[in-house]
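The values are calculated or read from the model by the stated rules, or taken from the named source; none is laboratory data. Just so we're clear, the structure is a prediction, and the values are computed from it rather than from any experiment. A quick note on method: Cβ atoms are made from the backbone with ideal geometry, for glycine too, and the neighbour counts reach across all protein chains shown.
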Amino acid sequence: MNETTPTPRLRFAPSPTGYLHVGGARTALFNWLYAKRFGGQFLLRIEDTDKARSTEDSTRAIFEGLRWLGLLWDEEVVYQGANADRNRADSYRMLENGSAYRCFCTPQELAERRQAAEAAGDSFKYDRRCDRLDPAELSRRVAAGMPFTLRFRVPEGTTSWHDLVHENITFPNKDIEDFIILRTDGTPIYNMAVVSDDITMAITLVMRGDDHISNTPKQIMLYEALGAKVPQFAHLPMIHGLDGKKLSKRHGASAVGDYQHLGILPGAMLNFLALLGWAPGNDIEVMSMGQMIDLFDPAGLQKKAAIFDTKKLEWMNGQHLAIISSHELAARITPMLVVAGLTTADAMARNGAWLDSLLDLLKVRARTLDDIVVQARPYLLSELEYDVDAMGKQWKDRPATAAILRAVRDALSSLPTWGPDLMEEALRTVAEELGLGGKAGKIFQPLRVALTGLGVSPGIFDVLSILGRERSLARIDIALQMLATSNS
Ligand code: GLU
């Protein structure tokens, strides 16, 4: 980027007619990444002109979704509906400079002509009859207050642009009819509002879904007619489900908020979304937000539809659990542990360092935050839940198990400090003394069941450390009682 290149300004322009869809979030992310990568601004415009379908709840859901993902906008939110006066003034500028004309044809007349054309096997295109009205008749109609729309007069030739994703795209103008820009009630048509707003917001790059490609030639003509600089365009590929069809509710959760509630981390969601339509190259997949910004390059944007695979999202979440800080993880998981009835927020606040260590142990074995909550149970519950299969397998020979656990208890209880090196040395000595030689597993497995109730857990010294001396010894005592009283 050289000094004459303006600072990039991009926008995400959702219509608030539903929740924040993953496709919308992906579009927002690419706009945001481009702005961050090239030192620009990322703006948010709520396209609330369709009053019947736009709701405040949807607008709120869009804000919440973007905030959860950390895709924050740089300036005040623009509400398109508030710009109708300016949009109208821009439309009239085109009437004045000769790029647009008044059309008095009623919707009913247009519908009849369309039907007649279709019945004759032709495709309908507005025949410009109002552009040919003689000036006296035009003045008469205007003076009589006859309702009219404003139509844009499509020039001859072709309209082309260099798309950052699809490269050169050209539309023959003859395929585009003189389209309406202002309705009879003075409200702007979508393409008019978007162009008028994008000019005012000084947008330099319009990045959006490729379902908008057919709008782009019309929008370029409007920029030119208004004497404004045409921005760059990038049309992102659609997102499909595993069946190759456009992603929809049929494919399961498609709202960003759903994934938040399924225990997905925002960083993982962003990373997953980034790979829908962008290949960073060098087989790179797992990226932090900072890495994504550094690596983002529009040259890596893909043309072909991207596939939304929830299994991959879970995998990605596992990767991110392993790399995020324990501190961040603790902030996210504490409310979930409280809801699961495993602890209180106060207790976790008092034991922050302990929780961080616990999460360090658990996160490497988890795919979602919900997995961590399940795995955290043995360390938070005061009474253990014993897995019957693990007991049956690891405590099979009860007298022998009791002998092992008794020896382990004695060795551990006499340790001067509760550290992993000393524990390991003590347990190896026990193994030698019991004639188990190098088979430390014969000690670790029954001990694991005694300490956690489960057959799988983090490493045994980690488990002993996290439980602490008192709780570890108490759990071994309980196991010894269980082994002594049961006779099976
Ligand atoms: N409001 C349009 C949509 O939600 C976006 C238009 C644009 O980005 O130009 O599809």
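Observations on the structure shown:
- Among the conditions (1) surrounded by fewer than 20 Cβ atoms within 10 Å (Cβ to Cβ); (2) touching a Lys or Arg at 6+ places or on another chain (Cβ under 6 Å), Ile180 misses just one, which is (1).
- Here Pro6 clears all of (1) outside any helix (DSSP H, G or I); (2) within 14 Å of the ligand (Cβ to nearest atom) except the condition numbered (2).
- Here Pro458 passes the criteria (1) under 50 Å from the mean Cα position of the chain (by Cα); (2) loosely packed, with under 12 Cβ neighbours inside 10 Å; (3) of a type outside the set (A, V, I, L, M); (4) not in a helix (DSSP H, G or I) except the one numbered (2).
- When the stretch 139-177 is filtered for residues that are among the aliphatic types (A, V, I, L, M) and surrounded by fewer than 16 Cβ atoms within 10 Å (Cβ to Cβ), the ones remaining, listed by number, are Val142, Ala143, Ala144, Met146.
- Options Arg350, Arg367: the member that is out of contact with any Lys or Arg (no Cβ under 9 Å at 6 or more places or on another chain) and either surrounded by 13 or more Cβ atoms within 10 Å (Cβ to Cβ) or among the aliphatic types (A, V, I, L, M) (or both): Arg367
- Matching residues in the stretch 202-251 - criterion: being more than 14 Å from the ligand (Cβ to nearest atom) and among the charged types (D, E, K, R): Glu224, Lys229, Asp243, Lys245, Lys249, Arg250
- Of the criteria (1) within 29 Å of Lys246 (Cα to Cα); (2) of a type outside the set (A, V, I, L, M, F, W, C); (3) at pLDDT 95 or above; (4) surrounded by 14 or more Cβ atoms within 10 Å (Cβ to Cβ), which one Tyr19 fails: (3)
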